[in-house]
1. Under the condition of being exposed (fewer than 11 other Cβ atoms within 10 Å of the Cβ) and charged (D, E, K, R), which residue from segment 37-82 is farthest from residue 120 (Cα to Cα)?
2. Which ones in segment 109-138 are surrounded by 16 or more Cβ atoms within 10 Å (Cβ to Cβ) and either of a type in the set (Phe, Trp, Tyr) or touching a residue at least 40 places away in the same chain (Cβ under 8 Å) (or both)?
3. Just to check your reading of the model, which residue among 120, 87 is more than 18 Å from residue 13 (Cα to Cα), among the hydroxyl-bearing types (Ser, Thr, Tyr) and not in a helix (DSSP H, G or I)?
4. Return only the number of the condition from (1) surrounded by 14 or more Cβ atoms within 10 Å (Cβ to Cβ); (2) within 30 Å of residue 36 (Cα to Cα); (3) in contact (Cβ under 8 Å) with a residue 40 or more places away in the chain that residue 151 does not satisfy.
5. Would segment 71-83 turn up any residue that is assigned to a helix (DSSP H, G or I), under 21 Å from the mean Cα position of the chain (by Cα) and of a type outside the set (Ser, Thr, Tyr)?
6. Being surrounded by 14 or more Cβ atoms within 10 Å (Cβ to Cβ), farther than 15 Å from residue 59 by Cβ and more than 12 Å from the chain's Cα centre (by Cα) is the filter here; which residues of segment 10-28 pass it?
Amino acid sequence: MADSIITLIHLFATVAWIGGALFMKAILEPATKQIDPKEAGRLNAIVAKRFAFVSWPSLVLLLVTGYLKTPAGMLFDTTSHLGMVLTVKHTLIIIVMIVGMTIGMVVVPKLRRAMPAPGTAPSQEFLKASHQLHRLTWTSTLIGLAIVGVAAFLW
């Protein structure tokens, strides 16, 4: 029973994290290109801030429940097929967390510092940070999907 509850929490956290990331990249981002850039930027900032309250706890839940679901001695064991699949998955998780921390601790502060004043054109620094954010959020989303794909080989 406990294993089923851990699996359920793991799956809900996966849905919240990957579903939110896919929503942001596949629906929100293209939709905001249809509205005024100032309003689009404001909407993106609000949604991104709220998503952070879902994504980071989801990642923590995924780490805890994933650790609990990992068979003893197989955290980074490459001596078996299962161990190799888990190693790939765990490596991707480490990469996606580094990307997420880079977004939150480096790119977002750059964007805030370089935010153009109302009625002024964005600086090169702001545009560069915006492009970096776009690339990193796509990278994180694609790695997240790869993690789900690798996890399929565990069942």
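Rule-based calculations on the coordinates, nothing more; no lab input. None of these values were measured; they are calculated from a predicted model. Don't worry about glycine lacking a Cβ; one is built from the backbone with ideal geometry, like all the others, and counts go over all protein chains shown.
1. Applying the filter and picking the extreme gives 49.
2. Listed by number, the residues that qualify are 126, 137.
3. Exactly one of 120, 87 is more than 18 Å from residue 13 (Cα to Cα), among the hydroxyl-bearing types (Ser, Thr, Tyr) and not in a helix (DSSP H, G or I), namely 120.
4. Condition not satisfied by residue 151: (2).
5. Checked segment 71-83: no residue is assigned to a helix (DSSP H, G or I), under 21 Å from the mean Cα position of the chain (by Cα) and of a type outside the set (Ser, Thr, Tyr).
6. Within segment 10-28, 28 is the sole residue that qualifies.
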